[in-house]
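Visitor: There's a structure below that I have some questions on.
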Amino acid sequence: MPDLVLKNGRVIDPAHAIDATTDIAIRHGRIAALGDGLDGAESIDCTGLVVCPGLIDLHVHLRDPGQEWKEDLLSGGRAAAAGGFTTVCCMPNTLPTNDTGAITRDMVERAADGPVRILPVGAITRGLAGEALAEIGEMVTAGAVAISDDGCGVQDSHLMRRAMEYAKPFEIPVVIHPQDDHLFGHGVMNEGWRATELGLAGIPSAAEDVQIDRDIRLSALTGTPLHVAHLSTTGGVELVRRAQGAGLLVSAEVTPHHLLLTDTDMPAYDPDWKMSPPLRSAADREAVVAALADGTIQAIATDHAPHAPEEKERPFDDAPFGVIGLETCLGVVLALVREGRISLADLIHRLTAGPARLFGLDGGHLGVGARADLCCFDPEARWRVEPERFYSKSRNCPWAGRELTGRPLHTITGGRVVCRDGAVTDAR
Amino acid sequence: MAETIDTPAPKALPFAHTDLLDTAELTAKEIRFLLDQAESFHEINERQVKKVPTLRGATIMDCFFEPSTRTRSSFELAGKRLSADVINFSAAASSLKKGESLRDTARTLAAMGTDLIVVRHPASGAAAYLAHELEVPVINAGDGCHAHPTQALLDLFTLRRALGRLSGLKVAIVGDITHSRVARSNLLAMRTLGVETRVCAPPTLLPAAVERYGCRVFYRMADAIEGVDAIMMLRIQRERQGGGAFPSLREYAHNYCLTRSHLALAAPGCVVLHPGPINRGVELAHDLADGPESRILDQVTAGVAVRMAVLYLFWQQHGSRQ
């Protein structure tokens, strides 16, 4: 008999083109069967809910080790579970940097009992300093699923070429935070009228585009897959689309905030709206939404970047970059479906099978025998974002106070119910 | 408070602003009212005894988190001529260097129980932040590259005195527009008042989408100045040449230093303004700075009167709510 049956939900599995109201049976942590009238030791009534593969986030910052006052593996894992995620990939800008096999292994071991699967991304360069290669092979052996110097761009083009060449045998993507430091300068928000009006230093789109262009060429040169993190510009979308058209191994992700917000939406000087890359123009937003819909962008990633209130409560210039997004992601991006910009199945694909394929992860689909990672959400539930109720330790969220439609209720990781009726089961 | 014959006739403010953060929030009527009030205080400044008891018993905290000589002295003088107790809270001596957050600084200031706060800060938005945190009126004395409303008001006061009107004037603002809070606050106020504005600078010193201020954009002095009634020169900060905005002060001066020969292109009676301090020979020729067209010292004088009006009106506005 199955351990758990999810009854009567609208099952959407984009990888298998399934969209049907039925039951799902889970046994020994795996999908055992899909079909009507299934029974198990335990059942959860999912009438009115969408049941889909557990969401996969290729890009989060869990701040552990080293900055546990912002977030740690457990609080970040709980935030992920509450947001419907069952797998998150955590960036290496920890203290110390995740640039050796030992640190990767430590993170994997400490995360093993958490509510979601946490997969580390290793550094490209030692200490993210952009000067010498990190121990990429050791990290991959210890469980790293990709490498990235996220938070900064690798400025030295020759070193970047070497990193991509060296990474090739490990069959992992190189993830770039495309940023030319000279063009970025002291910028704190998108360059344009809003920045001019507020007297804030602007960051031009070109600061992002020139490194995307460079690294696409290096990917062509080396044959190593390139994944562009948090794509935000019209120019970047065009570069990625053209590279894919030419058959190159180039992929991209986009954040919920870049899909829904623009620089003119930002309340004046609100540090909870400060992130890198910054919110761009309405035309850029339009470009990334179109790219998500047509498949140029295959993944939505939150870039969940926690910071403590005392770190954010500074003048805009001095506040750190980054906003959190794990617990709001689904409610935010479902707006695109209601706006008619993307089908529900395609949106779910970009949160599940899309990202799984890019990093070569198992999961992201509901085939019999697959990991029993599932997300059950109510697409019609309306709720107000109250950061003080987040499982995350941090509150730096631009959606605070907004009403969202669509909320994850149950999250199942490896057959375990880690979140039930919106409450993480091992917490509080 | 007892009114005396020396105090300008108290008028109710025709607006409900609790803080002065930028000129953007002021209507044409409100700006004219402020300038009219400043005329009354300007008259006081020409008397032998330049002090009125209007703000006796009030405490003004001048908080300067970046260096300033002119604006700070001007605010201090304005407060003292209104008989207020003026306290200076300066960056060098403050806890900011010790890592105290702006929030805690604000709460400390609030707890001291002052009646008005004047703030100068290197970060854009700092005045708005303090205004949000504090009950008492906050007067922005310059925040980052964002706004410097009292400077714009004193510039308008000077222009109106020199030329007799504001609406319909043509004004060119020349220099580092990108980093200038003075230019921003003037462009916004001038648009509100129907002044035709032009900006002129090398493209490296013009911010993105600057034309959205309603100004015409020029790269050449001769084109920008043609037919204007006033020219406002901005101080060029020497460190900008290191940032690559222009190759050298020499070349900048060659292209953008206002000289007497330029004035022939302007409208007859054109006046020259500069917020100071001047780099003679860089943005302004030596002889022009002292010439009959210059209203630079009038600006300094006007600054005290305008700030007296601002302090008085915002204090009164706040007091009337209590």
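The values are calculated or read from the model by the stated rules, or taken from the named source; none is laboratory data. In this text the structure is predicted, and so the values were computed from the model without any measurement. FYI the Cβ positions are ideal-geometry reconstructions off the backbone, even for glycines, and counts take in every protein chain you see. For accessibility, only protein heavy atoms count, side chains too; no ligands or nucleic acids. Shrake-Rupley method; radii C 1.70, N 1.55, O 1.52, S 1.80 Å.
Visitor: From the list A:Leu221, A:Leu183, pick out the single residue that is of a type outside the set (Asp, Glu), open to solvent by 30 Å² or more (accessible area, probe 1.4 Å) and in contact (Cβ under 8 Å) with a residue 60 or more places away in the chain.
Guide: A:Leu221
Visitor: When residues of the range A:326-342 are filtered for being open to solvent by 10 Å² or more (accessible area, probe 1.4 Å) and within 15 Å of the chain's Cα centre (by Cα), how many remain?
Guide: 1
Visitor: Name the one entry in A:Asp294, A:Asp317 that is at pLDDT below 95 and open to solvent by 20 Å² or more (accessible area, probe 1.4 Å).
Guide: Result of the check over A:Asp294, A:Asp317: A:Asp317.
Visitor: Do the conditions hold for A:Val418, that is, is it in contact with a Ser or Thr (Cβ under 6 Å, 6 or more places away or on another chain) and either of a type in the set (Phe, Trp, Tyr) or in contact (Cβ under 8 Å) with a residue 60 or more places away in the chain (or both)?
Guide: The answer is yes for A:Val418.
Visitor: Report yes if A:Ala353 is in the same structural domain as A:Leu58 (by TED's automatic domain parsing) and under 23 Å from A:Leu336 (Cβ atoms), otherwise no.
Guide: Criteria met by A:Ala353.
Visitor: With the structure loaded, tell me whether B:Ser74 is more than 14 Å from the chain's Cα centre (by Cα) and either within 14 Å of chain A (Cβ to nearest Cβ) or touching a residue at least 40 places away in the same chain (Cβ under 8 Å) (or both) or whether it fails that test.
Guide: no
Visitor: Here's another thing I want to ask about it. Taking the range A:1-22, which residues are of a type in the set (D, E, K, R), open to solvent by 10 Å² or more (accessible area, probe 1.4 Å) and part of a strand (DSSP E or B)?
Guide: Within the range A:1-22, A:Lys7, A:Arg10, A:Asp19 meet the criteria.
Visitor: Can you confirm whether B:Ala267 is farther than 29 Å from B:Glu43 by Cα and either assigned by TED's automatic domain parsing to the domain that holds B:Arg181 or of a type in the set (Phe, Trp, Tyr) (or both)?
Guide: yes
Visitor: Quick one: in the range A:274-286, which of the residues that are outside any loop (DSSP other than H, G, I, E, B) and either within 14 Å of A:Pro256 (Cα to Cα) or touching a strand residue (DSSP E or B) at 6+ places or on another chain (Cβ under 9 Å) (or both) is most open to solvent (accessible area, probe 1.4 Å)?
Guide: A:Glu286
Visitor: Tell me the residue from B:Gly214, B:Gly242 that is within 14 Å of chain A (Cβ to nearest Cβ) and at pLDDT below 95, please.
Guide: Just one listed residue meets the conditions, B:Gly242.
Visitor: Just to be sure I understand the filter: pairs with C-beta atoms under 8 Å, separated by 6 or more residues or on different chains, first member in the range A:327-349 and over 14 Å from A:Glu380 (Cα atoms), second member surrounded by fewer than 22 Cβ atoms within 10 Å (Cβ to Cβ) and charged (D, E, K, R). Which pairs pass?
Guide: A:Ala345/A:Asp19
Visitor: Can you confirm whether A:Arg194 is within 11 Å of another protein chain (Cβ to nearest Cβ), in contact with a helix residue (DSSP H, G or I) (Cβ under 6 Å, 6 or more places away or on another chain) and assigned to a helix (DSSP H, G or I)?
Guide: It is true that A:Arg194 is within 11 Å of another protein chain (Cβ to nearest Cβ), in contact with a helix residue (DSSP H, G or I) (Cβ under 6 Å, 6 or more places away or on another chain) and assigned to a helix (DSSP H, G or I).
Visitor: Separate question: Could you list, in sequence order, all residues of the range A:315-329 that are within 14 Å of chain B (Cβ to nearest Cβ) and either more than 28 Å from A:Gly199 (Cα to Cα) or aromatic (Phe, Trp, Tyr) (or both)?
Guide: Passing the criteria: only A:Phe316.
Visitor: Could you list, in sequence order, the residues of the range B:145-155 that are more than 16 Å from B:Thr18 (Cα to Cα), within 14 Å of another protein chain (Cβ to nearest Cβ) and open to solvent by less than 10 Å² (accessible area, probe 1.4 Å)?
Guide: Selection gives B:Ala147, B:His148, B:Ala152.
Visitor: Is it the case that the range A:127-144 has a residue that's at pLDDT below 95, outside any helix (DSSP H, G or I) and out of contact with any Asp or Glu (no Cβ under 9 Å at 6 or more places or on another chain)?
Guide: no
Visitor: Sort through A:Pro271, A:Pro278, A:Pro309, A:Pro267 and tell me the only one that's without any contact (Cβ under 8 Å) to a residue 24 or more places away in the chain and within 14 Å of chain B (Cβ to nearest Cβ).
Guide: So the residue among A:Pro271, A:Pro278, A:Pro309, A:Pro267 that is without any contact (Cβ under 8 Å) to a residue 24 or more places away in the chain and within 14 Å of chain B (Cβ to nearest Cβ) is A:Pro267.
Visitor: Pairs, please: C-beta under 6 Å, at least 6 apart or cross-chain, first residue in a strand (DSSP E or B) and in the range A:25-39, second loosely packed, with under 10 Cβ neighbours inside 10 Å?
Guide: Short answer, once both residue conditions are applied: A:Arg30/A:Gly369.
Visitor: Mind counting the residues in the range A:197-206 that are within 7 Å of chain B (Cβ to nearest Cβ) and in contact (Cβ under 8 Å) with a residue 60 or more places away in the chain?
Guide: 2
Visitor: Could I ask something else about it? For the range B:189-211: of the residues being more than 13 Å from chain A (Cβ to nearest Cβ) and free of Cβ contacts under 8 Å to residues at least 40 places away in the same chain, which is surrounded by the fewest Cβ atoms within 10 Å (Cβ to Cβ)?
Guide: Result: B:Pro203.
Visitor: Further question on the same structure: Only one of A:Ala308, A:Ala301, A:Ala370 is surrounded by fewer than 24 Cβ atoms within 10 Å (Cβ to Cβ) and within 22 Å of A:Gly76 (Cα to Cα); which?
Guide: A:Ala308
Visitor: Please go through the range B:284-304 and pick out each residue that is farther than 20 Å from B:Ile236 by Cβ, of a type in the set (A, V, I, L, M, F, W, C) and surrounded by 19 or more Cβ atoms within 10 Å (Cβ to Cβ).
Guide: Those that are farther than 20 Å from B:Ile236 by Cβ, of a type in the set (A, V, I, L, M, F, W, C) and surrounded by 19 or more Cβ atoms within 10 Å (Cβ to Cβ): B:Ala302, B:Val304.
Visitor: Same structure again: What is the residue count in the range A:128-151 for residues that are small (Gly, Ala, Ser) and open to solvent by 40 Å² or more (accessible area, probe 1.4 Å)?
Guide: 2
Visitor: Six or more apart or on different chains, Cβ under 6 Å: which pairs go from a residue in the range B:107-135 that's away from chain A (no Cβ under 14 Å) and in a loop (DSSP other than H, G, I, E, B) to one that's surrounded by fewer than 18 Cβ atoms within 10 Å (Cβ to Cβ) and of a type in the set (S, T, N, Q)? Could you list them?
Guide: Close Cβ pairs satisfying both conditions: B:Thr114/B:Thr59; B:Asp115/B:Thr59.
Visitor: Right, here's the next one. Which numbered condition trips up B:Asn186, out of (1) modelled with pLDDT of 95 or more; (2) polar (S, T, N, Q); (3) surrounded by fewer than 23 Cβ atoms within 10 Å (Cβ to Cβ)?
Guide: The single condition B:Asn186 does not satisfy is (3).
Visitor: So, in the range B:80-104, how many residues would count as being at pLDDT 70 or above, within 18 Å of A:Asp318 (Cα to Cα) and either open to solvent by 30 Å² or more (accessible area, probe 1.4 Å) or among the hydroxyl-bearing types (Ser, Thr, Tyr) (or both)?
Guide: Residues flagged as at pLDDT 70 or above, within 18 Å of A:Asp318 (Cα to Cα) and either open to solvent by 30 Å² or more (accessible area, probe 1.4 Å) or among the hydroxyl-bearing types (Ser, Thr, Tyr) (or both) within the range B:80-104 amount to 3.
Visitor: Take B:Ser73 and decide whether it is at pLDDT 95 or above, within 30 Å of B:Leu193 (Cα to Cα) and not in a loop (DSSP other than H, G, I, E, B).
Guide: Against the criterion (at pLDDT 95 or above, within 30 Å of B:Leu193 (Cα to Cα) and not in a loop (DSSP other than H, G, I, E, B)), B:Ser73 qualifies.
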